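Everything on this sheet refers to the single structure shown next.
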Amino acid sequence: MSLALNDAFDFAGYQSRFASKGRIRLEGGLDSEDALQVHHALEQQTAWELHLMSAQGEPDVISRTELSELNDMAIQDRLSAAAERAQTGLSYLHLGYDLTSKAAIENLGEGHPLLGLARLIWSAEFAAFCENLTGLSGLKLRSLIATAYRPGDFFTMHQDSGAALSFDWNFTHDWRSDWGGQILFHSPSGDIEGGIMPRLNDLSLYSGEQPRSVNSVAAFAGAPRFAVSGRFE
């Protein structure tokens, strides 16, 4: 499945807003039907792993095979470690599918909408598109991951040190603001300077140095929060 970017945007206006605030939100980066297919693929066709942070502050990935083999207590211990670490610093817990390696992308299989999206994002066309939106130049994509945040999942305040630009392309359908899951931008004093609610086909671009978090998804949320996120250097 081949996907194409919509390009009927006021690029000069977006550049001005990015220069002023260090972040912008773009509605409708893909055709609406293509975006719905990506949403469907994330919801029903993605072989998710469990991504979290260990008690030692190291990334911890529990594969589907491990999830089927580990007993409930072992999994709960690792979930508890991620939650405990969140009380004092950097931690996260969500489902993920890493789209950084060529092998992982090809494992999706031809015709998978996520394969088409990954190929588009890794293309020179997407880097040029982001440069036109932000006024930055020489962007090179370094990492890409699909994520699903379920009730209780979170990502505490963090920055992408060394990243020229980070992004979150959201593919969440029919979300409510009181379900949480927003990207929150934090001021040096700890106030919330702004937030972006999950929406279908919304591309958020922001300076990697901006402190931000993903608000914990509420226990009563009716569905997961789906997105594909990456960073340029």
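The values are calculated or read from the model by the stated rules, or taken from the named source; none is laboratory data. Values in this document were obtained by computation on a predicted structure and should not be read as measured data. Heads up, the Cβs are rebuilt from the backbone with ideal geometry, glycines too, and the neighbour counts pull from every protein chain shown. The area values use the complete protein model at the heavy-atom level, side chains included, leaving out ligands, DNA and RNA. Shrake-Rupley method; radii C 1.70, N 1.55, O 1.52, S 1.80 Å.
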Could you count how many residues in region 34-74 are touching a residue at least 12 places away in the same chain (Cβ under 8 Å) and of a type in the set (D, E, K, R)? 5
Just to verify a result, which residue in region 68-111, among those that are among the β-branched types (Val, Ile, Thr) and more than 24 Å from residue 41 (Cβ to Cβ), is least open to solvent (accessible area, probe 1.4 Å)? 75
Is one or more of the residues making up region 28-44 assigned to a strand (DSSP E or B) and closer than 30 Å to residue 90 by Cα? no
Hey, can you tell me all the residues within region 207-230 that are farther than 19 Å from residue 149 by Cα and open to solvent by 10 Å² or more (accessible area, probe 1.4 Å)? 207, 209, 210, 211
Just name the residue that is farthest from the chain's Cα centre (by Cα) out of those in region 171-200 that are open to solvent by 10 Å² or more (accessible area, probe 1.4 Å) and closer than 21 Å to residue 46 by Cα. 174
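Residue by residue, here is whether (1) under 20 Å from the mean Cα position of the chain (by Cα); (2) surrounded by fewer than 16 Cβ atoms within 10 Å (Cβ to Cβ); (3) of a type in the set (Gly, Ala, Ser); (4) closer than 23 Å to residue 134 by Cβ holds:
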site	(1), (2), (3), (4)
2	no, yes, yes, no
8	no, yes, yes, yes
12	no, yes, yes, yes
18	yes, no, no, yes
35	yes, no, yes, yes
41	yes, no, yes, no
Considering every residue within region 157-168, establish whether at least one is aromatic (Phe, Trp, Tyr) and farther than 23 Å from residue 59 by Cβ. no
Quick check: is even one residue across region 29-46 within 19 Å of residue 123 (Cβ to Cβ) and of a type in the set (Asp, Glu)? yes
Can you pull out every residue in region 45-67 that is outside any loop (DSSP other than H, G, I, E, B) and either touching a helix residue (DSSP H, G or I) at 6+ places or on another chain (Cβ under 6 Å) or open to solvent by less than 90 Å² (accessible area, probe 1.4 Å) (or both)? 49, 50, 51, 52, 53, 60, 61, 62, 65, 66, 67
Against the condition more than 20 Å from residue 86 (Cβ to Cβ), crowded, with 19+ Cβ neighbours inside 10 Å, in contact (Cβ under 8 Å) with a residue 60 or more places away in the chain and in contact with an Asp or Glu (Cβ under 8 Å, 6 or more places away or on another chain), how does residue 167 come out, does it pass? no
